[in-house]
Structures are given as structure tokens and as C-alpha cells.
Amino acid sequence: MSMGRRTRLLGGTIAATKLALAAAWGSSSSSEYDKGMFYQNESYDWMYSASNIAMKVEGCVWATTDDNEDMGCMQDESGDGTTYWYQMAMCRRAQVAYSVYATDSGSTSCGSGQFKGTFVTQDGLDEFAYLMETYDGYSPITQDTVGDLPICEQGDNGYYLSVGCASDGSFTIDEFSDQYCLQRVGTYTYLSDVNSIFKNNFHKCYGIYSANTDESVGYSAAGALVQSSKACSTLDSPLCLETERVSSSSGGKMSSISSAGHTIANFNVANKAKYALGTLCIVGSLFMFLGILFTNRRKRRAMMHRKMRASRSKSKRSSSSKKSRSSRSSSRHKSSSSRSKSRSRGGDASRSRSKSRAARSKRVDDGVLT
């Protein structure tokens, strides 16, 4: 855990103690409002009225961290603008998920009636070990137990190594392909010693505050752990349990989300119908355009053929008229020549007749009768 993180945690513990004192003096509305401002999960009145608080570790959860630099994440900001904001905000590391139980009197048995909620650390296994070592003198886990574990460090085989989570909630060392440990490759090894400590000590009811032995809840392991953690639900991990308030709230949210989903689905169906109708109109318009185009083309071809036939018929008629005119002229010429011939023959006959008449008259004049 970084020095800045530890300083903030110490300041938060002192502030929690002052808030507890204010609540003890009877400042009701303002102190409750201040606690709501201080804690990031929900109202923790139960913690100040409890005589005993215990926890039960649920296992390892791959959850977000708020200490990006010390956890090997991408930087909080990028001067050249090459850092993606969602990679900075959603940097995840192996966290400890634990359920808290409290009672106002007597000892805590971690029963369902004493359940207050499931929480998850924000700075990994090292934070959990540090807080337990600092505020619990009998803690079975210390920083020496987890101090040498890699946090997104380059290994010998080209991959990056970091504490990870197995599917059963146990702690492992995993391999990652990138330097920010965003792309998991596989499991490198299992942390048998750490898992054995959790199984033998924290998987059962473990006391973290007692009004008989601790000075105040703010200076106990319970106050330190809850103050530095955030609430966890089944939406985050199957290992997390839910309180009745969270269950009812999430159920209402899920119902509203489902109704919103149905509305969105109906809206999507309407949009799909609109898109389909628009597509059909566009396709119909295209076919209509092509039909008009080919129809006009056929009409133009028919008109061209008619014009060609008309021009051919005109040329034929002109040639036939020329032939008829030539034939008529030739026939006229022939008839005129025949008439001239007949006229010449008639003239010759008349001349012969006139000659014969002249010869007769001459013989009559000579007194010769023939």
C-alpha cells in the first residue's frame, strides 16, 4: 500500500472517530449527514451501536482499484492524450471480498440476522494484510505474507505477472500479455500459503471489533476495513452477498431496466419496420426508374424503326414514280411516233391518189379513154 493511501486511511480513521463521538453526544441529523458524506457505501449507524463485529472472507474478486499508480495501472492522466479514460477508470486487480456481521449485544455468530453487507477492498491483498496487521494484534496475515507478491511486473517468459483470482475465489499469480495487466493469458501458480491462511482463519466467523477490548470502532479493524472498502453485490461478483435494502433496490432497478428494455425493444422493432419499408420504397423506386428507362428505350427504338421504314417506303415510292413517269413518257413518245408515221403514210396515199387522179384527168384531156 502506498504512503499516500495510508495517510488518507489514517485521516479517515480519525474522522470516523470524531463522527462516532459526535453521534454519542446526540448530534442526530448533522452527524448522520456527515457520515453519509464520509462513507461511500450507505449509512453505518449499525457500526456505532454494535457491541461486536465480525467478518467472513468470501474470496478473491477481480474488481476495480482506486490506486492506479501503485497497482501498475495506466497513469491517471496523459499529457499527450494517448491514454484512454476507460482504461484508467476501469483498472482491475485482485481484491478481497468479505461479509460483515454485527450485533448490539452478545457475541457475533455471523448469522443471517446479523448480516450487514459484503465489501471489497480497493487496493488489493496488500491493503487487507496491512489493515489487519495494523489494527488486529492477533492477525494471522501480515504484510510479510504478501509483501513479495508481484503487482503487474514483467516476468521471465515475456508475460507480466500479477496477483489474480481463480474461478473458485482463491488467490493465484496470473500471466498477462500487456504491461497494464488488462489482457489475462492464464494462471502462473496458485498461492497455496495465502489460500491456506484464508481457509483456516477467515472463511469462518472472525471477530474484528469488540466493545470490551477495543477503544472505539474507528480504531478497530472493522472501522479501518469498512472505511477503505466499497460495497459489493451479486452484480459485481457471485461471491458477494446482498442486504435486503440492496436486493429490493436492485430488484426495482432490474424491473425498471427490464421495462426500459422492453420499451427499447419495441422501439427497435418499429425502427426496423420503418427501415424495411424505406428500403422497399427505395428498391421499388429503382425498379420503376429502370422500367421507365427501358420502356423509353424500346419506344425510341420503335420510333427509329418506323422512321426507317417510312424513309424506305418514301424512297421506294419515289423510285416507282420515276419509273412510271419514264414509262409514260416513253409510251407517249411511241404513240406520237406512230401517229407521225400514220400521218406520213396517209400523206403518201393521198399524194398517190392525187397523182392517179391527175393522170386520169390528163388522159381524158388527151381523148384517151381507158
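Just to make sure I understand: if all protein chains stay in place, what is the order of TYR209, TYR190 by accessible area at 1.4 Å, largest first?
Solvent-accessible surface, decreasing: TYR190, TYR209.
HN-Hα J couplings of segment 134-141 from phi, Karplus 6.51/-1.76/1.60, θ = phi - 60°, integer Hz, Gly and Pro as x?
6, 10, 10, x, 10, 5, x, 10
Compute, for GLU58, the solvent-accessible surface of its heavy atoms (probe 1.4 Å) with the complete set of protein chains present, and express it in square angstrom to the nearest 10.
About 50 Å², rounded to the nearest 10.
Could you state how much accessible area ASP236 has, in square angstrom rounded to the nearest 10, with a 1.4 Å probe and all protein chains kept in place?
My reading of the accessible area for ASP236 is about 100 Å².
Using a 1.4 angstrom probe on the protein heavy atoms only, line up ASP214, ASP66 by accessible area, largest first.
From most accessible down to least: ASP66, ASP214.
Please list, in chain and number order, the residues 5+ apart from VAL185 or on another chain whose amide H is under 5 Å from its amide H, with Hs placed from the backbone.
Those qualifying (amide H under 5 Å, at least 5 residues apart or on another chain) are GLU175, PHE176, SER177.
Provide the per-residue ³J(HN,Hα) series for segment 104-116, in order, calculated from phi with Karplus coefficients 6.51, -1.76, 1.60 and θ = phi - 60°, each as a whole number of Hz, with x at glycine and proline positions.
These are the phi-based 3J(HN,Hα) values: 7, 8, x, 8, 9, 10, 6, x, 5, x, 9, 5, 10 Hz.
Taking R0 as 51 Å, what's the FRET efficiency between VAL269 and ARG298 from their Cβ-Cβ distance, rounded to 0.05?
Efficiency at R0 = 51 Å is approximately 0.75.
Could you state how much accessible area CYS73 has, in square angstrom rounded to the nearest 10, with a 1.4 Å probe and all protein chains kept in place?
10 Å²
In what order, largest first, do TRP46, TRP62 sit by accessible area if the probe radius is 1.4 Å?
The ordering from most to least exposed comes out as TRP62, TRP46.
Stretched out fully, how many nm does the piece from SER167 to GLU215 gain, at 0.36 nm a residue minus the Cα gap?
13.4 nm
For the ranges 156-168, 270-282, what's the packing order if you count other beta-carbon atoms within 10 Å of each residue, average per peptide, and put the highest first?
My ranking of the peptides, most packed first, is 156-168, 270-282.
Expressed in nm to one decimal, what extension gain is obtained for the pair THR142 and MET288 from 0.36 nm per residue of sequence separation less their Cα-Cα distance?
Roughly 44.5 nm would be gained on extension.
The values are calculated or read from the model by the stated rules, or taken from the named source; none is laboratory data. Since the structure is predicted, the reported quantities are computational estimates derived from the model, not experimental observations. Because the Cβ atoms are built from the backbone with ideal geometry, glycine has one as well, and the counts that use them run over all protein chains shown. For accessibility, only protein heavy atoms count, side chains too; no ligands or nucleic acids. Shrake-Rupley method; radii C 1.70, N 1.55, O 1.52, S 1.80 Å.
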